[in-house]
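The values are calculated or read from the model by the stated rules, or taken from the named source; none is laboratory data. Being a predicted model, the structure only gives us computed values, none of them experimental. Backbone-built Cβ (ideal geometry, glycine too); neighbour counts: all protein chains shown.
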Amino acid sequence: MTSVLLMLAILASPPYHPDLDERVMELAKQLRCLVCQNETLADSHAELAADLRQQIREQMKDGRTDMEITAFLTNRYGDFVLYRPPVNPRTYALWFGPFVLLAGGSIALLRFLKRWPGLMKCRPLSKDERRRATALLQFGRSPNTEVYREQFAEMESDYRTGFVDLEQFERDREELERRLLEDCRPTFRCRRGR
Amino acid sequence: MKFAFPLVLFVVLVGFLGMGLWLDPHLVPSPLIDRPAPEFTLARLDEPGRTFSPKEMQGKVWLLNTWASWCVSCRQEHPLLVALSQAGVVPIFGLNYKDNRGNALDWLNEMGNPYVVNVQDTDGRVGIDYGVYGVPETYLIDKAGVIRYKQIGPVTLEALEKTILPLIRSLSR
Amino acid sequence: MPSPADIGQFALIAALLLACLQATVPIIGAARGKSSWMAVAVSAGQWQFVAVAIAFFCLAYSFVTNDFSVLNVASNSNSQLPLNYRIAATWGSHEGSLLLWTFMLAFWTAAVSRFTRHLPNTTVARVLGVMGIVSTGFLLFMLTTSNPFTRLVPAPLDGRDLNPLLQDPGMVVHPPMLYMGYVGFSVAFAFAVAALIGGRLDVAWARWSRPWTLIAWTFLTCGIAMGSYWSYYVQGWGGWWFWDPVENASFMPWLVGTALIHSLAVTEKRGAFKSWTVLLAIAAFSLSLLGTFLVRSGVLTSVHAFATDPKRGVFILCFLSIVIGGSLLLYAWRAAQVGLGSPFELISRESFLLSNNVLLAVAAASVLLGTMYPLVIDALNLGKLSAGPPYFNTIFAAVMTPAVFLIGVGPIARWKRASLPELAHRLGWAFAVSVIGALAIPFTTELKPLVRLGLLLAIWIAATGALGLCGKLKGARLKSLPRGYYGMQVAHLGVAVVIVGITVVTGYESEKNLRMNPGESVQVGGYDFRFIGVTNVFGPNYEAVRAEMAVFRNGSLILRMHPEKRTDIVSGNSLTSAAIDSGVFRDLYVALGEPADQSGAWSVRIQYKPFVDWIWAGAILMALGGALALTDRRYVTATKKQRAAREAA
């Protein structure tokens, strides 16, 4: 939502045109040079660019608007000359694509986040499993157990400094043990249901 | 099967990239195709007192070729144009683009003159009206004065045989 | 006695054979459990590095000694070229830069083989095997279509010279740094693919991928910043980002790499987002490869593009399809098995990080869309379009603003479950400070809303960063916080600085493009510029017209600036050398154009650019943050512990 508003704000910002030369350059910066196609009409040293800048200058003096001058150029050279692509059926995907993606991504994200906790309602670990997890945590030699040992140490220090209470600590511990078992025992799986 | 989604996207992307290998990103196609050829009245190269304008060619199929004495690629296509004019297939008119009259005449003397009439576009304004962005460029204009084809860059034998000549034949009927 | 070029040629062939070995034997060995086959990975990888290094140094040596019998040297160098640029010319061409790419890849291969001794050999075998596949592709590409050691018989007396635009310190540093980053993502890619092959994405995988991703990201940040700065002072028009297809090609991996760093943090800590993280790791390197294709195939118009040849384009496209297509196929097949990880709430640090990922991914996708759109429209025969800075600036700013806002929220939120009221309470005053600061800081009397928004975002990042730091320090000392945390703070602060630079310079820069006679003055940005005149000067391989511009502020002379217009003696190309006076709060930029007529008047372009150096200063801060995070104890001690554990077992 913010993005759309922001984009509208950017597009609607009035351009600042105090004098003719600046106005010419402002418009020329939005146009593509056809000879040196990687430069704007404002920066290019090509002769055609100089000629077109001159044309723009004269038309502006005659009182033409930016839109009219742009139309003059696209009638002769096509939309290729515009660095800001026009908004028409050919470019809907270009202009609206990012926002469609954003909206789609946000919706998918929200749906995922809402379903997520429900997905993970696993049955609590059995005593056997907890014992096995503790053993692994203490004596395990694999790279995984190394990492989990560190994470457990961090958890313990959080508990000691009072950052989390006992109940939270116990919940976190069980979750850590579950992940440990998943990583170290390939056959271990979260069991759904009560 | 949502995990296959990135693969599908990638295949589509590769498809377009593959197509892109056979396209030229520098080519700027003309928006003037199937539109009336812009009007102009310019001084002739050989007789500066007289002028020429596309109106005079109404009812005929003709070629308008932009060229200049300083243009290197023009030398490439010129023999083809000379041969074409000698074959009498289609009248060729020249738009001498941003050139010096003396140099242009010398060049024609040296390379041969396939043009029925040549006009001088010294400041390049008519060129801009025609969407010229490089030299040489050639326009095929039909009996109603509508541009039917634009050759960007030198006219090649291939372009002549495959596109230009067949089009001239169909337009002349 | 074979010449260095011949040695280099043989070295490349040897490297190809070694890479083939590296690509096949270990992976099969890992599948069959044959440890002798898996061990081939390390030796093949290290010897491949030696071979590629020899080839690289042979090419460089040929440049330094002006061996013009080598086609590449003859096309890109010249006896009058200064030594440092002769060295840089090694990577100044398509073939040479490919060799640099391959050299970087071999370097990363050697690094991985050296620093992963504590990992299980199946992992190491697969990781190095995947990197070997990529190396094989590049070496094959070089040897079949782009050989840097092709000879020229008879050898010319002198070379064609390096493009004057490239004769610059930037050329010495920017490509190597950029490639280190670009290619560095291959390690994270290899780890991801190796994990998919093995069918397991466990916490150790996330832990190991992080430092490699961080280093690559840090180098890429430096490389991009350097490229931007270089084009700023060399192009002559004061621009620093053009959304050129090749710039985009380096920016997309950076965006995805940033998302990857954040995603890996969550995967390591909570075991969540595994399939997403893997996809990001594949995507980051895929975008690097895509970039390589775009620059060398002629598919898009770009100022960076090398001379093109459709045959090369086809080869790279096939290679791309195999590597990326293969890994995405593997992903489609295996990703469902990786497990989901631990739950977290709708409002939690995890969800904010995931949102950040979505935004960065959409930003990268938008840049890809804009870059590819002209091609797609053309291929569908719908005409010719351009999408340039006006398009990209609008879209990018719109998508990234929420992401920047989240920088303030994520680090403050708790893991698993964060309470919205608590967050609002803590962040409320930071927001107030940001709004007040944005409105109160004076620049000029002219109020520009977008600049104020940018300032608001920057102050927001700084304020929330300080807030988070104070919260963490309550009861703890400065040293006890992990370096990774400080790295994050510094990197985020870097983002704030970049935003300030971009918004202020875009909002308040001014320029005058005009014809000046000697003695004339013009006012730009509050400074008076008086054009004194021109003189002719000579450089090592160029002659130049040098203008003198006296700059006054409030009536007193503060400095003299000397823009030049250089003509390269060998090629005849001309180059503008702009004069830049850099300051913390502004740059003054003067470029010489063409002589206006015979009277001594010249066209000049004078620009006042406030805060522009903050852009690159911010980027350096980001890179420093990344480097700092790398020194975190976790990565150093883990290696030691695991080595000890392995030796004990």
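Test residue A:102 against the stated conditions and say whether it is without any contact (Cβ under 8 Å) to a residue 40 or more places away in the chain and either in a helix (DSSP H, G or I) or within 23 Å of the chain's Cα centre (by Cα) (or both).
Values: without any contact (Cβ under 8 Å) to a residue 40 or more places away in the chain: no; either in a helix (DSSP H, G or I) or within 23 Å of the chain's Cα centre (by Cα) (or both): yes.
No; evaluated as a whole, the condition is false for this residue.
Limited to the stretch C:472-490, what total is found for residues that are assigned to a helix (DSSP H, G or I), of a type in the set (A, V, I, L, M) and out of contact with any Leu (no Cβ under 7 Å at 6 or more places or on another chain)?
Let us first name the residues in the stretch C:472-490 that are assigned to a helix (DSSP H, G or I), namely C:472-473, C:478-480, C:483-490.
If we keep only those that are of a type in the set (A, V, I, L, M) too, we end up with C:473, C:478, C:488, C:490.
Adding the requirement that they be out of contact with any Leu (no Cβ under 7 Å at 6 or more places or on another chain) leaves C:473, C:478, C:488.
Number satisfying all stated conditions: 3.
Filter the stretch C:116-162 for residues that are part of a helix (DSSP H, G or I) and within 14 Å of chain A (Cβ to nearest Cβ) and give the result.
In the first step, residues of the stretch C:116-162 are kept if they are part of a helix (DSSP H, G or I); the result is C:121-145.
Result: C:121, C:122, C:123, C:124, C:127.
Mind checking whether some residue in the stretch A:67-74 is aromatic (Phe, Trp, Tyr), more than 8 Å from chain C (Cβ to nearest Cβ) and assigned to a helix (DSSP H, G or I)?
Step one: list which residues in the stretch A:67-74 are aromatic (Phe, Trp, Tyr), which gives A:72.
In the following step, the residues that additionally are more than 8 Å from chain C (Cβ to nearest Cβ) were identified as A:72.
Applying the additional criterion that residues be assigned to a helix (DSSP H, G or I) yields A:72.
Yes, the conditions are met somewhere in the stretch A:67-74.
Which ranges mark the strands (runs of 3 or more DSSP E) fully within the stretch B:94-173 that have 3 or more residues being touching a helix residue (DSSP H, G or I) at 6+ places or on another chain (Cβ under 7 Å) and buried (at least 18 other Cβ atoms within 10 Å of the Cβ)? Don't jump to the end; show me each part of the working.
Values: elements: B:118-121, B:137-141, B:147-152.
Where strands (runs of 3 or more DSSP E) fall fully within the stretch B:94-173 and carry at least 3 residues being touching a helix residue (DSSP H, G or I) at 6+ places or on another chain (Cβ under 7 Å) and buried (at least 18 other Cβ atoms within 10 Å of the Cβ), they are B:147-152.
Can you name the number of the only condition in (1) over 22 Å from residue B:131 (Cβ atoms); (2) surrounded by 15 or more Cβ atoms within 10 Å (Cβ to Cβ); (3) within 11 Å of another protein chain (Cβ to nearest Cβ) that residue B:32 fails?
Against the list (1) over 22 Å from residue B:131 (Cβ atoms); (2) surrounded by 15 or more Cβ atoms within 10 Å (Cβ to Cβ); (3) within 11 Å of another protein chain (Cβ to nearest Cβ), residue B:32 comes up short only on (1).
Cβ-Cβ under 7 Å, sequence separation 6+ or interchain: first residue in the stretch B:1-20 and facing another protein chain (nearest Cβ under 8 Å), partner not in a helix (DSSP H, G or I). Which pairs?
B:17/C:299; B:20/C:299
May I ask you to list pairs of residues, at least six apart or on different chains, whose Cβ atoms are under 7 Å apart, with the first in the stretch B:106-135 being farther than 15 Å from residue A:49 by Cα and within 14 Å of chain A (Cβ to nearest Cβ) and the second being crowded, with 21+ Cβ neighbours inside 10 Å and polar (S, T, N, Q)?
B:121/B:96
Given the residues A:30, A:59, which is the only one that is modelled with pLDDT of 90 or more, touching a helix residue (DSSP H, G or I) at 6+ places or on another chain (Cβ under 6 Å) and more than 10 Å from every other protein chain (Cβ to nearest Cβ)? Steps first, please.
Details: A:30 fails: more than 10 Å from every other protein chain (Cβ to nearest Cβ).
Going through A:30, A:59 in turn, the sole match is A:59.
All but one of (1) more than 30 Å from residue C:384 (Cβ to Cβ); (2) within 13 Å of chain C (Cβ to nearest Cβ); (3) surrounded by 14 or more Cβ atoms within 10 Å (Cβ to Cβ) hold for residue A:97; state the number of the condition that does not hold.
With respect to (1) more than 30 Å from residue C:384 (Cβ to Cβ); (2) within 13 Å of chain C (Cβ to nearest Cβ); (3) surrounded by 14 or more Cβ atoms within 10 Å (Cβ to Cβ), residue A:97 is out only on (1).
Are there any pairs, at least 6 apart or on different chains, whose C-beta atoms fall under 9 Å, with the first in the stretch C:1-24 and among the charged types (D, E, K, R) and the second outside any helix (DSSP H, G or I) and surrounded by fewer than 21 Cβ atoms within 10 Å (Cβ to Cβ), and if so, which?
Within 9 Å, the pairs are C:6/C:151.
Test each condition in (1) touching a Ser or Thr at 6+ places or on another chain (Cβ under 9 Å); (2) at pLDDT below 90 for residue C:421 and report the one that comes out false.
(1)
Would you confirm, using the coordinates I've provided, whether residue A:82 is facing chain C (nearest Cβ under 7 Å), surrounded by fewer than 18 Cβ atoms within 10 Å (Cβ to Cβ) and modelled with pLDDT of 85 or more? First the steps, then the outcome.
Working: facing chain C (nearest Cβ under 7 Å): yes; surrounded by fewer than 18 Cβ atoms within 10 Å (Cβ to Cβ): no; modelled with pLDDT of 85 or more: yes.
For residue A:82, the condition - facing chain C (nearest Cβ under 7 Å), surrounded by fewer than 18 Cβ atoms within 10 Å (Cβ to Cβ) and modelled with pLDDT of 85 or more - is not met.
Against the condition within 30 Å of residue C:407 (Cα to Cα), hydroxyl-bearing (Ser, Thr, Tyr) and not in a loop (DSSP other than H, G, I, E, B), how does residue C:506 come out, does it pass? I'd like the intermediate steps shown before the answer.
Details: within 30 Å of residue C:407 (Cα to Cα): yes; hydroxyl-bearing (Ser, Thr, Tyr): yes; not in a loop (DSSP other than H, G, I, E, B): yes.
Taking the combined requirement at face value, the residue satisfies it.
Can you give me the number of residues within the stretch C:103-151 that are closer than 25 Å to residue C:69 by Cβ and of a type in the set (Lys, Arg)?
1
Name the one entry in C:579, C:623, C:619, C:627 that is of a type in the set (Gly, Ala, Ser) and closer than 26 Å to residue A:45 by Cβ. Don't jump to the end; show me each part of the working.
Values: C:623 fails: closer than 26 Å to residue A:45 by Cβ; C:619 fails: closer than 26 Å to residue A:45 by Cβ; C:627 fails: closer than 26 Å to residue A:45 by Cβ.
Being of a type in the set (Gly, Ala, Ser) and closer than 26 Å to residue A:45 by Cβ holds for just one of C:579, C:623, C:619, C:627, which is C:579.
When residues of the stretch C:483-526 are filtered for being within 14 Å of residue C:624 (Cα to Cα), of a type in the set (A, V, I, L, M, F, W, C) and within 14 Å of another protein chain (Cβ to nearest Cβ), how many remain?
The qualifying residues number 0.
Is it true that residue C:391 is closer than 20 Å to residue A:104 by Cβ and of a type in the set (Phe, Trp, Tyr)? Steps first, answer last, please.
Values: closer than 20 Å to residue A:104 by Cβ: no; of a type in the set (Phe, Trp, Tyr): yes.
No, not satisfied.
Mind listing just one residue for me: the one in the stretch C:550-569 that is touching a residue at least 60 places away in the same chain (Cβ under 8 Å) and within 32 Å of the chain's Cα centre (by Cα) and, of those, nearest to residue C:604 (Cα to Cα)? Outline the logic, then answer.
Applying the first criterion (touching a residue at least 60 places away in the same chain (Cβ under 8 Å)) to the stretch C:550-569 yields C:566, C:568-569.
Next cut, within 32 Å of the chain's Cα centre (by Cα) only: C:566, C:568.
Working: C:566: 15, C:568: 21 Å.
Checked the stretch C:550-569; the qualifying residue nearest to residue C:604 (Cα to Cα) is C:566.
Among the residues of the stretch C:24-38, is any within 23 Å of residue C:100 (Cβ to Cβ) and crowded, with 22+ Cβ neighbours inside 10 Å?
Step one: of the stretch C:24-38, the residues within 23 Å of residue C:100 (Cβ to Cβ) are none.
There is no residue in the stretch C:24-38 that is within 23 Å of residue C:100 (Cβ to Cβ) and crowded, with 22+ Cβ neighbours inside 10 Å.
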